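This report refers to the structure that appears directly beneath it.
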Amino acid sequence: MPKQLLAAAPRKAAIADYEEQPIKPNEVKVKVEYASPKHGSELAGFRGESPHTADYFDEEWKMFLKREESDHATDGGFGRWNLGNQWVGIIAEVGADVTDYSVGDRVCCYGGVRETHIVNAINNYYLKKVPANMSWKNAVCFDPAQFALGGIRDAHVRAGDRVAIFGLGAIGQIAAQMARLAGASWVAVIDPIEKRREVALRSGADAAIDPVHQDVGLELKKATDKLGVDVVIETSASEFALQQALRGLAYGGTIAFVGWARAFKGGLDLGREAHFNNANIVFSRACSEPNPDYPRWSWRRIEDVCWEMLKNGQINCEEVINPVVPFLESADGYEQYVDRRPDLSIKLGVNFG
């Protein structure tokens with residue numbers, strides 16, 4: 001029987017069998033080659049630490065079902081919840097009514113880390129063809145790219161701006177590259193994990209700051225002749241990061257708060273620099289409709305732009321997907337690299353070869 005990666009209990013991943021159904025006339029069956037889980041909101045649920053409701057898994061599952069539009073997905077619920085965000089694979093079987101896809105097409109879609117997917121292939125926006133020149137690592141970064149672009153747009157990054165990116169998971173890594181594409185003259189990245197800072201520097205960031213051993217707010221002011229940065233993209237959802245962002249921001253600058261925060265327990269002081277820097281804080285979610293720039297911009301337009309940027313190589317995710325583990329080791333890999341030792345990874349990749 002085919003196998004999939006599941007959350008078996010809080011902070012416990014497992015590989016389990018699943019029953020595969022015959023495809024319907026409107027569906028295709030895909031043999032998965034590569035996949036990648038989420039390290040943010042999914043991880044909160046995996047740990048049993050949902051920042052919002054106890055129904056986190058149910059709500060996330062409903063979102064997945066809506067996006068994948070599959071009648072064959074397994075049932076939700078904490079103990080049997082699929083782990084995973086996106087996958088890339090080869091179509092192995094095509095339903096009688098499907099005309100836009102053929103056996104042998106390489107495609108990308110939303111869904112769990114599993115050996116096969118059966119997906120509605122008629123008018124399914126999220127079942128995307130992956131051209132031969134597109135890296136699978138870029139394809140599985142479609143989801144974080146959307147929230148990176150949402151933050152860049154909501155913060156109104158403009159040519160010549162000095163920008164600081166807090167948090168260097170997949171969203172922050174991509175946001176740093178997008179800031180440069182948007183015309184930023186100087187991009188600083190902030191993260192306590194050295195590996196992540198080094199990747200961002202190799203991808204074009206100008207400076208990297210370690211918040212454990214450096215005073216981030218002071219360093220940003222020193223690097224900008226005491227003015228501070230024009231824009232902060234905050235992806236870590238940490239109150240300590242937000243405090244340093246407020247300190248390192250230029251007067252009247254903008255902070256796009258992209259991270260999905262839990263209740264703050266201290267470390268945030270809205271007086272002193274925060275008050276006198278006259279900060280503008282916008283809470284950014286690319287998937288919020290209507291978009292702040294509606295009707296010109298919508299979530300779908302953000303998705304379209306992100307896919308084109310990833311497909312055309314304007315964004316490079318080769319080092320963002322790191323490390324890559326074999327599928328049969330993905331349960332241990334998820335627990336190790338996603339949950340327990342995030343310092344060893346950025347965004348986990350899974351190889352089914």
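Among the residues of segment 265-280, none qualifies, meaning not one is touching a Leu at 6+ places or on another chain (Cβ under 7 Å), under 22 Å from Gly150 (Cα atoms) and modelled with pLDDT of 95 or more. The residues of segment 332-351 that are of a type in the set (Lys, Arg) and in a helix (DSSP H, G or I) amount to a single one, Arg340.
Just to check your reading of the model, which residue among Ala139, Ala159, Ala155 is more than 26 Å from Val324 (Cβ to Cβ), aliphatic (A, V, I, L, M) and buried (at least 21 other Cβ atoms within 10 Å of the Cβ)?
Values: Ala139 fails: more than 26 Å from Val324 (Cβ to Cβ); Ala159 fails: buried (at least 21 other Cβ atoms within 10 Å of the Cβ).
Unique residue meeting the criteria: Ala155.
Residue count for segment 112-136 under the criterion of being in a loop (DSSP other than H, G, I, E, B), closer than 23 Å to Ala13 by Cβ and not hydrophobic (A, V, I, L, M, F, W, C): the result is 2. If you go through segment 107-130 and pick out every residue that is among the basic types (Lys, Arg) and either in contact with a Phe, Trp or Tyr (Cβ under 6 Å, 6 or more places away or on another chain) or touching a residue at least 60 places away in the same chain (Cβ under 8 Å) (or both), you end up with 2. A residue that is under 20 Å from the mean Cα position of the chain (by Cα) and either modelled with pLDDT under 95 or of a type in the set (Asp, Glu) (or both) occurs nowhere in segment 163-176. Would you check which residues across segment 338-353 are open to solvent by 60 Å² or more (accessible area, probe 1.4 Å) and either free of Cβ contacts under 8 Å to residues at least 24 places away in the same chain or touching a Leu at 6+ places or on another chain (Cβ under 6 Å) (or both) and list them? Residues satisfying the conditions are Arg340, Arg341.
When residues in segment 170-198 are screened for being in a loop (DSSP other than H, G, I, E, B) and open to solvent by less than 20 Å² (accessible area, probe 1.4 Å), 2 of them pass. Here Val103 clears all of (1) modelled with pLDDT under 95; (2) not in a strand (DSSP E or B) except the condition numbered (1). The set of residues in segment 109-133 being touching a Gly at 6+ places or on another chain (Cβ under 8 Å) and hydrophobic (A, V, I, L, M, F, W, C) consists of Val113, Val119, Ala121.
Can you find a residue that is of a type in the set (Gly, Ala, Ser) and assigned to a loop (DSSP other than H, G, I, E, B) anywhere in segment 213-224? No, the conditions are met nowhere in segment 213-224. Quick one: in segment 252-293, which of the residues that are of a type in the set (Phe, Trp, Tyr) and in contact with a helix residue (DSSP H, G or I) (Cβ under 8 Å, 6 or more places away or on another chain) is surrounded by the fewest Cβ atoms within 10 Å (Cβ to Cβ)? This residue is Phe264.
Residue count for segment 253-296 under the criterion of being outside any loop (DSSP other than H, G, I, E, B), in contact with a Phe, Trp or Tyr (Cβ under 7 Å, 6 or more places away or on another chain) and not aliphatic (A, V, I, L, M): the result is 2. Selection within segment 1-42: residues that are out of contact with any helix residue (DSSP H, G or I) (no Cβ under 9 Å at 6 or more places or on another chain) and basic (Lys, Arg). The member of this set that is most open to solvent (accessible area, probe 1.4 Å) is Lys31.
Please specify each residue of segment 297-331 satisfying the condition of being assigned to a helix (DSSP H, G or I), open to solvent by 30 Å² or more (accessible area, probe 1.4 Å) and either touching a His at 6+ places or on another chain (Cβ under 7 Å) or among the aliphatic types (A, V, I, L, M) (or both).
Of everything in segment 297-331, those that are assigned to a helix (DSSP H, G or I), open to solvent by 30 Å² or more (accessible area, probe 1.4 Å) and either touching a His at 6+ places or on another chain (Cβ under 7 Å) or among the aliphatic types (A, V, I, L, M) (or both) turn out to be Val305, Leu328.
Looking only at segment 191-222, residues that are more than 18 Å from Ala237 (Cα to Cα) and in contact with a helix residue (DSSP H, G or I) (Cβ under 9 Å, 6 or more places away or on another chain) come to 15 in all.
Scanning segment 137-169 for residues being without any contact (Cβ under 8 Å) to a residue 40 or more places away in the chain and aliphatic (A, V, I, L, M) gives a total of 1. One residue stands out among those in segment 207-238 that are of a type in the set (D, E, K, R) and within 27 Å of Tyr337 (Cα to Cα): the one that is least open to solvent (accessible area, probe 1.4 Å), which is Glu234. Note on segment 96-123: residues that are open to solvent by less than 10 Å² (accessible area, probe 1.4 Å) and more than 18 Å from Gln146 (Cα to Cα) total 6.
The values are calculated or read from the model by the stated rules, or taken from the named source; none is laboratory data. Remember, predicted model here, so these are calculated numbers, not experimental data. All Cβ positions, glycine included, derive from the backbone under ideal geometry; neighbour counts span all protein chains shown. These accessible areas exclude ligands, DNA and RNA; they are computed on the full protein's heavy atoms, side chains included. Shrake-Rupley method; radii C 1.70, N 1.55, O 1.52, S 1.80 Å.
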